[in-house]
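Computed from the coordinates by the stated procedures, all read-outs in this text should not be read as laboratory data. What you see is a predicted model; the values in this text were computed from it and never measured. Positions of Cβ are generated from backbone atoms using ideal geometry, with glycine treated the same way; all protein chains shown enter the neighbour counts.
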Amino acid sequence: MSDLIDSPIEGENAPEFSVSEISGALKRTIEGAFGRVRVRGEVGRVMLARSGHLYFDVKDDRSVIAAVSWKGQVSKLSMMPEEGMEVIVTGKLTTFGSQSKYQINVDDVTVAGEGALMAMLEKRKKQLAAEGLFETDRKRPLPYLPEVIGVVTSPSGAVIRDILHRLRERFPRKVMIWPVAVQGDQCAPQVARAIDGFNRMTPGGAMPRPDLIIVARGGGSIEDLWGFNEEVVARAAAASDIPLISAVGHETDTTLIDFVSDRRAPTPTAAAEIAVPVRLDLMGWTDEQGGRLTRALTEGITRRGQRLRDLSRALPRPETLLQSPSQRLDNASEALPRALQAGVQRRQVKLSEVSGSLRSSTLQRMIDTKRQALGRRSDRLSPLALTREVARRSDKVSDLSRRLNEAGTRRVETLRERLGNLDRMRETLGYQATLERGYAVVRGDGDLVTSTKAAGKAGEIELEFADGRIKLGSKAAPKKTAKPKPPPTQGSLF
């Protein structure tokens, strides 16, 4: 430090430093003596600044060390420190001269022991339970026979093979795999994005939306399974509109996603068993139900036939039912001639009475009245009256004809204008308008070419531009011997 020492004051031996000089000397001394260190302690206050920098304390029962992670370092931390958590921080010991204190610049944070992990897990579990995410009434029922099953897991592990094998044995279904990391720093965000991605798919779209999601991983230590204890994964599973089965670890392993999922499976294989029924069992049950239905129908028809026969025995015989009506018919047929003779006689008497009242004077008056009415009607049928009526109706017909012609002309003009608009729209939407902008249509052997493979197979290439067409020669690409395709099965990623 000889470069920092000024000339001593006369009569004194101690050198004199400026504040910045002594601060810089201390900084270089601490950083040179310690460099990178690992410190174990309990996390104190934690503050994430608006700038993105993270400030927190690491303490034990006697001392406190200030810790800071800059914005670029925060995103790379394996876990975010929480107050009360016992951690091991790794970083560089340095000083902060503006406040005359030393601090550690942390670039890695790990949990110190399984006990601390379990304590943090219990804290998260209580927080999510208080929000109601573990309630039974919010869990959705699983579909009985899903058409498409989405699986969130590693594509290279044995888990996906076990699930596909079990589905193929029980009831083959379409399976969509969303590959994710199942441990490490990227596990939690990738699993959360996969669950959200399946939910964002459009039902009935080009890529079918799953009817059921399985989040699966094999067994491991609590550190290996920790990604499924992250809050972001639990909230993504709780927000899923698609029913979700969690199959993380073995039967004794428990993670946060198990509590928020709609159904927990002890193993990934058990998740496949929960997802679909056994096809042979369904076929057997269907046959059994069909047999029961046939027996029930047969027994019902037999019982109703017996009931009908019992009721028929209680009914009277047909000849008994016809005896009384037959007797009434005989009596009526005997009384009919007498009734007809009496009716004719009554009508003859009434006719005689009416004919007596029809005298000649009465008939003459009726004839005169009818003749006068006929004369009035004949006047209305004179040539002049007919001429006026014909003229009036002719004017009416002419007016109607004129209106009809005008309406037809307007209709034709409207249709002509609409046809013109449609023709202009056709020209705008047609591919010829696209050719005007510099594009071309490629045809091979008269067919439309949309790929280099099709162009290589074509014997002759024709290019259509806006102002005409040209033909180009083309040699067919050498054909490769196609390997025989395996028979269609469930499909595999491996």
With each pseudo-label sitting 7 Å past Cα toward Cβ, what's the LEU145-GLU83 distance in nm, one decimal? 5.6 nm
For PHE96, PHE259, PHE228, ascending order of other Cβ atoms within 10 Å (fewest first) is PHE96, PHE259, PHE228
Check which residues have an amide H placed less than 5 Å from ARG217's amide H, if you skip close sequence neighbours. ALA247, VAL248, GLY249
Over all directions, segment 383-449 yields a Cα convex hull whose mean projected area in nm² is 8.1 nm²
Ranked on Cβ counts within 10 Å of their own Cβ, fewest leading, TYR102, TYR55, TYR431 go TYR431, TYR55, TYR102
Taking segment 72-229, the equivalent ellipsoid from its C-alpha gyration tensor has semi-axes in Å, biggest first, of 39, 18, 16
Which semi-axes, in whole Å and largest first, does the equivalent ellipsoid of segment 2-112 have when worked out from the alpha carbon gyration tensor as the square roots of 5 times its eigenvalues? 34, 14, 12
Sparse-neighbourhood loop sites, trypsin sites (Lys or Arg not before Pro) in segment 431-460 - DSSP loop, at most 16 other Cβ within 10 angstrom: ARG437
Which three extents, in angstrom, do the Cα atoms of segment 252-335 have along their principal axes, listed largest first? 104, 26, 18
Tilt, helix 360-380 to longest principal axis of the chain (alpha-carbon atoms), in degrees rounded to tens, equals 50 degrees
Rounded to the nearest angstrom and ordered from largest down, what semi-axes does the equivalent ellipsoid of segment 56-100 get from its C-alpha gyration tensor (root of 5λ)? 18, 17, 8
At 7 Å along Cα-to-Cβ for each site, give me the label-to-label distance between ALA440 and SER100 in nm. 8.1 nm
Roughly how many debye, to the nearest 20, is the charge dipole of segment 146-277 about its Cα centre, given +1 on each Lys and Arg Cβ, -1 on each Asp and Glu Cβ, and no other charges? 540 debye
With +1 on each Lys and Arg Cβ and -1 on each Asp and Glu Cβ, how big is the dipole of segment 2-112 about its Cα centre, in debye rounded to the nearest 20? 620 debye
Net charge near GLN432: determine it from the other residues with C-beta under 14 Å of the C-beta of GLN432, scoring Lys and Arg +1 and Asp and Glu -1. -1
Determine the distance separating the Cα centre of segment 440-455 from the Cα centre of segment 210-227; give it in Å without decimals. 48 Å
Exposure proxy check on PHE34, PHE171: fewest-to-most Cβ neighbours within 10 Å is PHE34, PHE171
List the aspartates and glutamates whose Cα lies under 17 Å from the Cα of LYS453, skipping any in the same chain that are fewer than 8 positions away. ASP445, GLU462
Viscosity 1.306 mPa s, temperature 10 °C, Stokes-Einstein D of the chain from Kirkwood C-alpha radius, µm²/s: 44 µm²/s
Charge dipole of segment 146-277 about the Cα centre (unit charges at C-beta), most positive-ward option of LEU167, GLN190, ILE257: LEU167
Measure nothing fancy, just the Cα-based angle from helix 318-356's long axis to the longest principal axis of the chain, in degrees from 0 to 90, nearest 10. 50 degrees
Identify, among THR362, ALA272, SER20, the residue whose Cα sits farthest towards the positive end of the charge dipole of the chain, taking +1 on the Cβ of Lys and Arg and -1 on the Cβ of Asp and Glu, with the dipole about the Cα centre. THR362
What angle do you read, to the nearest 10 degrees and between 0 and 90, between the alpha-carbon axis of helix 279-314 and the longest principal axis of the chain? 30 degrees
Once amide H atoms are built 1.01 Å from N in the peptide plane, which residues 5 or more positions from ARG263, or in another chain, come under 5 Å H to H? LEU244, SER246
Using the Kirkwood formula on alpha carbons, the hydrodynamic radius of segment 146-277 in angstrom works out to 14.3 Å
